[in-house]
1. With the checklist (1) farther than 17 Å from residue 11 by Cα; (2) surrounded by 11 or more Cβ atoms within 10 Å (Cβ to Cβ) in hand, flag the one item residue 103 doesn't pass.
2. Can you pull out the helices (runs of 4 or more DSSP H) entirely within the stretch 1-86 that have at least 2 residues that are within 25 Å of residue 101 (Cα to Cα) and in contact (Cβ under 8 Å) with a residue 40 or more places away in the chain?
3. Which residues, counting only those in the stretch 87-100, are out of contact with any Phe, Trp or Tyr (no Cβ under 6 Å at 6 or more places or on another chain), assigned to a helix (DSSP H, G or I) and of a type in the set (A, V, I, L, M)?
Amino acid sequence: MSSLRMLYLGLAIWGAVHPMSLMLGWVSETGQGLGGLLAAWTANGAVAGLAWDLVIAAVALTVWILAEVYVRRNWSALVAIPATFLIGVSCGLPLYLFLRTRAS
């Protein structure tokens, strides 16, 4: 495996673990569940702007993945879509790059 692919994989793991640990820590501290987390994402304009920025990036990444999978027939790369929406763009994008750069 090339060093670039290892970097993508490391970023995907970091992008899954680090943000999730922060969110779970917040939920644990406040005692609020998913509803509280969603409310916090719209607490003010700055946070809402960041949340929408991530949603738009996730949609753009999904369109890119679908377009490339259609052309390249790399069906395993589709796993990056649920990773993007269930974990985050910080995991989905490097995961897709990892899957995209494998040897054919």
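Just so you know, all these numbers are worked out from the coordinates, no wet-lab data involved. Treat the numbers as computed from the prediction; the structure is a model and nothing was measured. Cβ sites come from the backbone with ideal geometry, for glycine too, and all protein chains shown count toward neighbours.
1. (2)
2. 3-30
3. 89, 93, 95, 99
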